[in-house]
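Report on the structure given below.
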Amino acid sequence: MSRLQILFEDRYILVVNKPEHLLTVSTTKERYHTLYHQVYEYIKKVNPKCKVFIVHRLDRDTSGVIVFAKLDICKEYLQKHWDKFDREYLALCKGKMDRFGVIKNYLAENSEHMVYVTENTELGKYAQTEYEVLQPGYYNLVRINIKTGRKNQIRVHMNHIGCPVVGDRKYALDKRNKHLYLHAHKLTIIHPISKKKMTFEAPLPNYFAKYVRETDDIKF
């Protein structure tokens, strides 16, 4: 099991860098090989009386910033204001893209747990994704901000416009790449207790970073 990468910790929250190929929480098939279990084991060693609360999740193959709460009131505050926080991702997307774009539609999920775009506003939930191409090419380096937090939102939206995330096996059927090139790069929140604005940043994984050309023109 990979070592827990802590980005920030205080008495109220714990922010970590989640590696790829790791579930955030347990499923019926996997109970212990999860990020939550790693965080739980870590916190219990430091303070056996401390609790751990899930605030949000990242898909199994998505890496990057994720925050846990140590108090129920912190979890409730963060979840209540979640859609107001800035959630920035970096992705490699294949296909010809406009420099900037905003994707707005409704997403629903079928019985096979596949999320899809629907025009039925009663069936689906509103989803909004904004993107900017930082480095165009065969693989575009794209900065993505989500204004809603729907399941598989980024992958579904990018695939919907014909520019799938590289390595997306579920929606783009890309089985040539063993990595999903989608990384929760930056998260800005209001601290649940101090009410201070805080930004956390997770460095790109090595397999992703090699596709990023070094230039002063790009500000992550």
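The values are calculated or read from the model by the stated rules, or taken from the named source; none is laboratory data. Source: prediction; values computed, not measured. Glycine also receives a Cβ, built like all others from the backbone with ideal geometry; neighbour counts cover every protein chain displayed.
Structure notes:
- Of note, V133 does not satisfy the criterion of being over 21 Å from M114 (Cβ atoms) and touching a helix residue (DSSP H, G or I) at 6+ places or on another chain (Cβ under 9 Å).
- Only a single criterion out of (1) modelled with pLDDT of 95 or more; (2) over 29 Å from L78 (Cα atoms); (3) out of contact with any strand residue (DSSP E or B) (no Cβ under 8 Å at 6 or more places or on another chain) is not satisfied by R176, namely (1).
- From the options K70, K75, K84, K94, residue that is among the basic types (K, R) and exposed (fewer than 13 other Cβ atoms within 10 Å of the Cβ): K84
- If you go through the stretch 155-200 and pick out every residue that is over 28 Å from Y106 (Cβ atoms), surrounded by fewer than 14 Cβ atoms within 10 Å (Cβ to Cβ) and not β-branched (V, I, T), you end up with 7.
- All positions within the stretch 175-202 that are charged (D, E, K, R) and free of Cβ contacts under 8 Å to residues at least 60 places away in the same chain: K175, R176, K178, K195, K196, K197
- Among residues of the stretch 97-116 being surrounded by 17 or more Cβ atoms within 10 Å (Cβ to Cβ) and under 22 Å from K186 (Cα atoms), the one that is farthest from the chain's Cα centre (by Cα) is G101.
- One residue alone among I161, I190, I154 is closer than 29 Å to I73 by Cβ and of a type in the set (V, I, T), and that residue is I190.
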